[in-house]
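*Asks:* Sharing a structure, written as structure tokens. Questions coming.
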Amino acid sequence: MKANKPREYRRMQQQRLKHSLKYKCEYHGQKYRNTLELNVAKILTEDSIKFEYEPMLNYKDKFYFPDFMINNVIIECTFWHDVKQRAEELHRKIDDYLKSKIRGILIVTLPKYSNEYSKLLTTQALWL
């Protein structure tokens, strides 16, 4: 299935991941992985901004599930403790996002990590 129907395979994998991680936070019937994503969802909802949560994006042979998408702008929420590893992963994703039809990328993190991430990620992403 992975080779014959990659889009369906990735969607199925995403659903399995969601089920196995048991997304802990819920708001307006939608479950989120963590409180950072939950807080972003609350802000967007309270400001009446329509968004997609973890939409599937395909760039060449890669599939991505960014945290939020609003009108072709991606919001990635991150606060992993291993900043260097996460920054490397984000850098690859951001490069692919920018090569595709994504208009912009917004990175949301905790204040204690923002300096480290911004030093490691020299891209066109906007930091909050």
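Read-outs throughout are calculated quantities, based only on the coordinates presented, and are distinct from any laboratory measurement. Quick caveat, the model's predicted, so the values are computed rather than measured. Note: ideal-geometry Cβ built from the backbone for every residue, glycine included; neighbour counts use all protein chains shown.
*Asks:* Which residue pairs have Cβ atoms closer than 6 Å, lie 6 or more positions apart in sequence or on different chains, and pair a first residue in the range 101-118 that is under 15 Å from VAL40 (Cβ atoms) and touching a residue at least 40 places away in the same chain (Cβ under 8 Å) with a second residue that is surrounded by fewer than 14 Cβ atoms within 10 Å (Cβ to Cβ) and not aromatic (Phe, Trp, Tyr)?
*Replies:* Pairs found: VAL108/LEU128.
*Asks:* Let me ask something additional. Filter the range 49-74 down to the residues that are of a type in the set (Lys, Arg) and touching a Ser or Thr at 6+ places or on another chain (Cβ under 7 Å) and list them by number.
*Replies:* Within the range 49-74, none qualify.
*Asks:* Go through the range 44-128 and tell me which strands (runs of 3 or more DSSP E), entirely inside it, have 1 or more residues that are exposed (fewer than 14 other Cβ atoms within 10 Å of the Cβ) and not hydrophobic (A, V, I, L, M, F, W, C).
*Replies:* Those strands (runs of 3 or more DSSP E) span 57-59, 62-64.
*Asks:* Would you tally the residues in the range 30-43 being part of a helix (DSSP H, G or I) and free of Cβ contacts under 8 Å to residues at least 40 places away in the same chain?
*Replies:* Filtering the range 30-43 for residues part of a helix (DSSP H, G or I) gives 35-43.
Still in the list and also free of Cβ contacts under 8 Å to residues at least 40 places away in the same chain: 35, 38-39, 41-43.
Selection size over the range 30-43: 6.
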